[in-house]
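The values are calculated or read from the model by the stated rules, or taken from the named source; none is laboratory data. Since this is a predicted model, take the numbers as computed values, not measurements. Here the Cβ is made from the backbone with ideal geometry for all residues, glycine too, and neighbour counts use every protein chain on show.
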Amino acid sequence: MQLIDGKAVSAQMKKEIAEEVDRIREAGGKIPHLAAVLVGHDGGSETYVANKVKTCEEVGFQSTLIRYEEDVTEEELLACVDRLNKDPEIDGFIVQLPLPKHISDQKIIEAVDYRKDVDGFHPINVGRMSIGLPCFVSATPAGILELLKRYEIETKGKHCVVLGRSNIVGKPMASLMMQKAYPGDCTVTVCHSRSANLKEMCLEADIIIVALGVPEFLKADMVKEGAVVIDVGTTRMPSSVTKSGYKLTGDVKFDEVSAKCSYITPVPGGVGPMTIISLMRNTLLAGKKEIYP
Ligand code: GUN
């Protein structure tokens, strides 16, 4: 069994991006600038956004954090998106989700200029991805592809089972793994909470990507010997041992499943660190106008 070290790969990518920013600076080019919009004070969102801003600094990007209180109106938030769309200084921006209940996530996502949509959530980016055109690919699926690539994991002709059908992970992941490309060229099955034969499907899989948000869902008796297992789960479980008071728990029962795998991502330190660095790469692409010249 080989552990897929997302922490090491993301550190290497961070170095590569920082070097590219240095080259841009030396050539007198524009330094990529990411803006993040954070509404309210949800603990998870606060942490994610703080890490995004911190990583921007580490790679040499400019960053702007825009905060609103929980009671911001949808109109105010749409006006903010409009300003960011029009601001030539901002290359890309994200609105951290989920938003308060009185604001439609989808309405906000669709208001973002797709050319600045470094989250890859806008229907134009999702549509372009599904037909294999250049686009911003959302961070978690992009990070997983990068791990498969850097570990040179064979995907052609393999059966890939994706557990979960979210717009952010499951659906784009399935779409990318069936793409005529590397990584890709898989036969893909998507299973979800209503699937009747999920265990049988998993037992057929050469590659299993688990994105259900159900701690330790995937057990050893669901996995074929030699399978590649990618764990996207990051549930915060209360813990009396850690300083933060919680422990990140994946969707895979790691101790028993890892014994059967050829490759597996740990939690933490697998897919998680790849997500932010993929957002940084999208921001670099946005800054260089590589996808939408
Ligand atoms: N909430 C959870 N993940 C994400 C993400 O990748 N982007 C945004 N904007 N919000 C999120």
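Okay, here's what the table says:
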{"quantity": "Long-range neighbours under 9 Å by Cβ, at least six apart or interchain, first residue closer than 22 Å to residue 272 by Cα within segment 218-241, second part of a strand (DSSP E or B) and basic (Lys, Arg)", "calculated": "236/247; 237/247; 238/247; 239/247; 241/247"}
{"quantity": "Qualifying residue in segment 90-100 (condition: touching a Cys at 6+ places or on another chain (Cβ under 8 Å) and either crowded, with 23+ Cβ neighbours inside 10 Å or more than 27 Å from residue 293 (Cβ to Cβ) (or both))", "calculated": "no"}
{"quantity": "Those residues of segment 87-105 which are under 17 Å from residue 139 (Cα atoms) and in a loop (DSSP other than H, G, I, E, B), in sequence order", "calculated": "91, 96, 97, 98"}
{"quantity": "In segment 239-293, residue nearest to the ligand (Cβ to nearest atom) [restricted to those that are of a type in the set (Lys, Arg) and more than 30 Å from residue 133 (Cβ to Cβ)]", "calculated": "247"}
{"quantity": "Some residue of segment 160-182 being over 18 Å from residue 253 (Cα atoms), in contact with a Leu (Cβ under 7 Å, 6 or more places away or on another chain) and away from the ligand (no atom under 16 Å from the Cβ)", "calculated": "no"}
{"quantity": "Candidate set: segment 180-212, residues that are over 17 Å from residue 158 (Cβ atoms) and in contact with a strand residue (DSSP E or B) (Cβ under 6 Å, 6 or more places away or on another chain); chosen: the one surrounded by the most Cβ atoms within 10 Å (Cβ to Cβ)", "calculated": "212"}
{"quantity": "Test result for residue 268, crowded, with 18+ Cβ neighbours inside 10 Å and either outside any strand (DSSP E or B) or aliphatic (A, V, I, L, M) (or both)", "calculated": "no"}
{"quantity": "Segment 32-77, residues that are in a loop (DSSP other than H, G, I, E, B), touching a strand residue (DSSP E or B) at 6+ places or on another chain (Cβ under 8 Å) and surrounded by 14 or more Cβ atoms within 10 Å (Cβ to Cβ)", "calculated": "32, 40, 61, 72"}
{"quantity": "Test: residue in segment 224-243 that is touching a Phe, Trp or Tyr at 6+ places or on another chain (Cβ under 7 Å) and of a type in the set (Val, Ile, Thr)", "calculated": "yes"}
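Condition check ((1) modelled with pLDDT of 95 or more; (2) under 18 Å from residue 45 (Cβ atoms); (3) within 14 Å of the ligand (Cβ to nearest atom)) across all residues:
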{"site": "70", "(1), (2), (3)": "yes, yes, no"}
{"site": "74", "(1), (2), (3)": "yes, yes, no"}
{"site": "81", "(1), (2), (3)": "yes, yes, yes"}
{"site": "85", "(1), (2), (3)": "yes, no, no"}
{"site": "95", "(1), (2), (3)": "yes, yes, yes"}
{"site": "100", "(1), (2), (3)": "yes, yes, yes"}
{"site": "104", "(1), (2), (3)": "yes, yes, no"}
{"site": "115", "(1), (2), (3)": "yes, no, no"}
{"site": "124", "(1), (2), (3)": "yes, no, no"}
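The rows are residues; the columns are (1) within 17 Å of the chain's Cα centre (by Cα); (2) of a type outside the set (Gly, Ala, Ser); (3) closer than 27 Å to residue 18 by Cβ.
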residue: 68; (1), (2), (3): no, yes, no
residue: 76; (1), (2), (3): no, yes, no
residue: 90; (1), (2), (3): no, yes, yes
residue: 106; (1), (2), (3): no, yes, no
residue: 122; (1), (2), (3): yes, yes, no
residue: 149; (1), (2), (3): yes, yes, yes
